[in-house]
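Taking it in order: structure first as structure tokens, then the write-up.
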Amino acid sequence: MKFFVDTADVKDIRELNDLGLLDGVTTNPSLILKSGGSIAEVTKEICSIVQGPVSAEVVAVEYKEMMREADFLSKIADNVCIKLPLTLDGLKACKDLTSSGRLVNVTLCFSANQALLAAKAGASFISPFIGRVDDIGLDGMELIQEIRQIYDNYDFNTEILAASIRTVNHVKQAALIGADVVTAPPATLKALVKHPLTDKGLETFLADWEKTGQKIG
Ligand code: E4P
């Protein structure tokens with residue numbers, strides 16, 4: 001499973017990348033707003049840190065303008081992945097961009113049928129929003145499961161990018177189902193390492209080691 005971080009915070013991205021944990025980054029207009037920087041500058045800096053795909057989202061809703069924005073974003077760096085909304089215009093832009101060799105992440109996916117359309121449009125990634133589905137009382141993981149089955153039925157190459165991740169349990173469940181990628185906030189990715197028995201065990205080993213009076217090396 002690939003790990004993407006869902007943030008435009010360069011400090012967090014650098015830290016996770018240095019840990020060797022990052023396969024890519026996803027941003028969106030809300031995350032760019034939070035970063036306080038311009039989309040061009042922030043995306044350029046992120047692309048210089050991370051080798052994998054960095055999703056940068058268009059904000060146009062009409063095909064022609066989407067393509068113009070996609071062209072601008074594509075020129076920022078080779079690893080920019082164009083993020084498009086799951087609309088008819090977005091799917092048309094997806095088909096054209098992937099046909100010309102661009103990476104495309106189709107975002108705001110909330111149903112299996114939407115994911116089917118994105119795969120038919122040649123999307124590199126489909127982003128089902130687990131947390132937001134849970135928020136309205138439905139089951140985000142069921143959506144991932146359905147998409148996995150449909151993509152496997154027809155051998156689609158589109159990668160399932162589990163998004164809107166809120167908990168470490170979301171990560172585990174997405175991995176069990178077989179999502180190809182998970183994108184999570186920095187805190188959630190770092191929380192994956194935590195276990196109270198690891199902390200307790202380490203504390204005991206260090207205390208016992210202290211009693212031996214030895215040093216290694
Ligand atoms: C995915 O690409 C989105 O940026 C993100 O996962 C949305 O998550 P949210 O529902 O926590 O805003």
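All of the numbers you see were taken from the coordinates with simple rules; none came from a lab. Predicted model only: the values in this text are computed from it and were never measured. Here Cβ is always computed from backbone atoms with ideal geometry, including for glycine, and neighbour counts include all displayed protein chains.
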For K211, go through the lysines and keep the ones whose alpha-carbon is under 19 Å away, minus same-chain ones fewer than eight residues off. K200
Would you grab the residues whose amide H sits under 5 Å from the one on V58? Only those 5+ places off in sequence or on another chain, please, with H modelled 1.01 Å from N. K83
Using only the alpha-carbon atoms of the chain, report the extent along each of the three principal axes, biggest first, to the nearest angstrom. 71, 38, 30
Name the most mobile residue of L189, L197, L31, meaning the one with the largest mean-square fluctuation, in a Gaussian network model of the chain with Cα contacts below 10 Å. L197
Search the structure for amide H atoms under 5 Å from the amide H of V25, placed 1.01 Å from N in the peptide plane, and list their residues when 5 or more places away or on another chain. V5, V54, S55
Computed ³J(HN,Hα) along region 124-139: with the Karplus parameters 6.51/-1.76/1.60, θ = phi - 60°, integer Hz and x for glycine or proline, the list is 6, 9, 10, 10, x, 8, 4, x, 5, 5, 4, 4, 9, x, 9, 10
I need to check one value: relative contact order of the chain, counting alpha carbon pairs closer than 8 Å and at least 6 residues apart, in percent. 17 percent
Residue of K83, K95, K11 that the Gaussian network model of the chain assigns the largest fluctuation, springs spanning Cα pairs under 10 Å: K11
At L197 and D152, where each label point lies 7 Å from the Cα along Cα→Cβ, what is the point-to-point distance in nanometres? 2.9 nm
The chain: most fluctuating residue of I144, I82, I39 per GNM, C-alpha cutoff 10 Å: I39
Listed residue pairs exceeding 31 Å between alpha carbons, taken from K11/K215; K75/K194; K44/K95: K11/K215; K75/K194
So which lysines can K92 reach, going by Cα to Cα under 16 Å and dropping same-chain residues fewer than 8 places off? K64, K83, K120
With θ set to phi - 60° and the Karplus curve 6.51 cos²θ - 1.76 cosθ + 1.60, what are the ³J(HN,Hα) couplings of region 185-191 in order, to the nearest whole Hz, using x for Gly and Pro? x, x, 4, 5, 4, 5, 5
Separation of the K44 and A207 label points, Cα + 7 Å toward Cβ, nm: 5.4 nm
In nm, to one decimal, how far is the E65 label point from the L33 one, both placed 7 Å along Cα→Cβ? 1.7 nm
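Around A8, under 13 Å between beta carbons, what's the net of Lys plus Arg minus Asp minus Glu among the other residues? Numbers along the way, then the final one.
On the way: positive: K11, R14, K34, K44, K83; negative: D6, D9, D12, E41, E45, E57.
Net charge in that neighbourhood comes out at -1.
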